Amino acid sequence: MPSTRALKNRIRSVKSTKQITKAMQLVAASKMRKAQEAEKAMEPYTSAARELLTHLAAQGETDRHPLFRTPEKITSRMLIVIGTDKGLAGAYDANVLKLYARQLIDDDAAGVKNQTIAIGRRTNRFVSRLKNVNVAAAYQDLPDDPSGSQLRAIVDTALNAFNSGEIDVVDIVYTEFINSVNQQAIVKRILPAGFEETEEVSEDVRTAEFEPSAEEVLEAVTYRLVEAQVYFALLTARASEYIMRMLAMKNATDNANDLIDDLTLAMNKARQGAITQELAEISGGVEALKE
């Protein structure tokens, strides 16, 4: 059995680790709430964009726009993969990268060429180890709320490749935040542009005059829609990352508490055994003196 001193040192070490995991748990919880708030803040804008696009689609404007064209056959596609810059988030990166690898295998089997935009240090590291992967762009250390220039760089890379005919479709691979106990790695298509039509278009939108033209308004709104979809994916992926890190750190903290209890019990037993042995030695010495 380890000595009392060794057990004390181990308990002290585990308590120190517990303080770190507890702090990381609280930080992750705080950042998760901020990411959720940012996600909710963009809902009014997304709803307005869907309403306007629903109206323009009813006028037949979207049928003529190149960003809405659907290819007869997919021969190439771009994958935007969102991972993390840091670890300690449970199976977050493993789930995303496993889904991404499956997409590459499916494309290879179907004879579809692909390009990748890697977001996150872990994603970049994973992609760099793969053979025959065409990396169109790589980003890491993005802030929780990406600025306009950072977001546009990602969107423009995808749009330029799509408009030039270099790729037929653009899919984004990320972790969707469903609720605090359910996060799922999914693939979502963002080009050709698509949107969920609203059930009703307001009178203001129906009677609005488009300046300088409906075509140019559609161009701007479609760009903003694609941008909003990428932005939403970044936000919900970051919220999923933080909730998974928070849960991982909570489990680590709970395990530390259990380990401290076990080590304390072992230390008390060792101390009791040492005291019992000392008493036995004293008793034996007294008996020896009597003789």
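Screening ALA233, ALA266 for residues that are surrounded by 16 or more Cβ atoms within 10 Å (Cβ to Cβ), out of contact with any Asp or Glu (no Cβ under 6 Å at 6 or more places or on another chain) and at pLDDT below 85 leaves exactly one candidate, ALA266.
One residue stands out among those in the stretch 137-148 that are modelled with pLDDT of 90 or more and of a type in the set (Gly, Ala, Ser): the one that is surrounded by the most Cβ atoms within 10 Å (Cβ to Cβ), which is ALA137.
Scanning the stretch 160-182 for residues that are in a loop (DSSP other than H, G, I, E, B) and either touching a His at 6+ places or on another chain (Cβ under 6 Å) or over 30 Å from LEU247 (Cα atoms) (or both) turns up SER164, GLY165, GLU166, ILE167, ASP168.
The rows are residues; the columns are (1) within 30 Å of GLU219 (Cα to Cα); (2) at pLDDT 85 or above; (3) part of a helix (DSSP H, G or I).
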{"site": "PRO2", "(1), (2), (3)": "no, no, no"}
{"site": "ARG10", "(1), (2), (3)": "no, no, yes"}
{"site": "SER13", "(1), (2), (3)": "no, yes, yes"}
{"site": "LEU26", "(1), (2), (3)": "no, no, yes"}
{"site": "SER47", "(1), (2), (3)": "yes, no, yes"}
{"site": "ILE80", "(1), (2), (3)": "yes, yes, no"}
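Under the condition of being of a type in the set (Val, Ile, Thr) and surrounded by 23 or more Cβ atoms within 10 Å (Cβ to Cβ), the residues counted in the stretch 72-94 number 4. Within the stretch 87-100, the residues that satisfy the criterion of being in contact (Cβ under 8 Å) with a residue 12 or more places away in the chain and part of a helix (DSSP H, G or I) are TYR92, ASP93, ASN95, VAL96, LEU97, LYS98, LEU99, TYR100. Just to be sure before I move on: is ALA228 surrounded by fewer than 21 Cβ atoms within 10 Å (Cβ to Cβ), touching a Ser or Thr at 6+ places or on another chain (Cβ under 7 Å) and either modelled with pLDDT of 85 or more or more than 29 Å from GLY87 (Cβ to Cβ) (or both) in the structure I sent? So ALA228 fits the description; yes. Applying the condition of being of a type in the set (S, T, N, Q) and farther than 19 Å from ALA94 by Cβ to the stretch 236-263 and asking which residue is surrounded by the most Cβ atoms within 10 Å (Cβ to Cβ) yields THR253. Kindly indicate whether any position in the stretch 148-159 is over 24 Å from ALA38 (Cα atoms), assigned to a loop (DSSP other than H, G, I, E, B) and over 19 Å from the mean Cα position of the chain (by Cα). No, every residue in the stretch 148-159 fails to be over 24 Å from ALA38 (Cα atoms), assigned to a loop (DSSP other than H, G, I, E, B) and over 19 Å from the mean Cα position of the chain (by Cα). Does GLU43 satisfy being modelled with pLDDT of 70 or more and more than 16 Å from the chain's Cα centre (by Cα)? No; evaluated as a whole, the condition is false for this residue. Residues in the stretch 113-136 that are buried (at least 17 other Cβ atoms within 10 Å of the Cβ) and not in a helix (DSSP H, G or I): ASN114, GLN115, THR116, ILE117, ALA118, ILE119, GLY120, ALA136. Only a single criterion out of (1) farther than 17 Å from ARG69 by Cα; (2) in contact with a helix residue (DSSP H, G or I) (Cβ under 7 Å, 6 or more places away or on another chain); (3) not in a strand (DSSP E or B); (4) not charged (D, E, K, R) is not satisfied by ALA185, namely (3). Please indicate, with yes or no, whether at least one residue in the stretch 149-164 is of a type outside the set (Phe, Trp, Tyr), modelled with pLDDT under 85 and either surrounded by 12 or more Cβ atoms within 10 Å (Cβ to Cβ) or under 30 Å from LEU88 (Cβ atoms) (or both). So far as the stretch 149-164 goes, yes, one or more of its residues are of a type outside the set (Phe, Trp, Tyr), modelled with pLDDT under 85 and either surrounded by 12 or more Cβ atoms within 10 Å (Cβ to Cβ) or under 30 Å from LEU88 (Cβ atoms) (or both).
The values are calculated or read from the model by the stated rules, or taken from the named source; none is laboratory data. In this text the structure is predicted, and so the values were computed from the model without any measurement. Quick reminder, even Gly has a Cβ in these numbers, built from the backbone with ideal geometry, and neighbours come from all protein chains shown.
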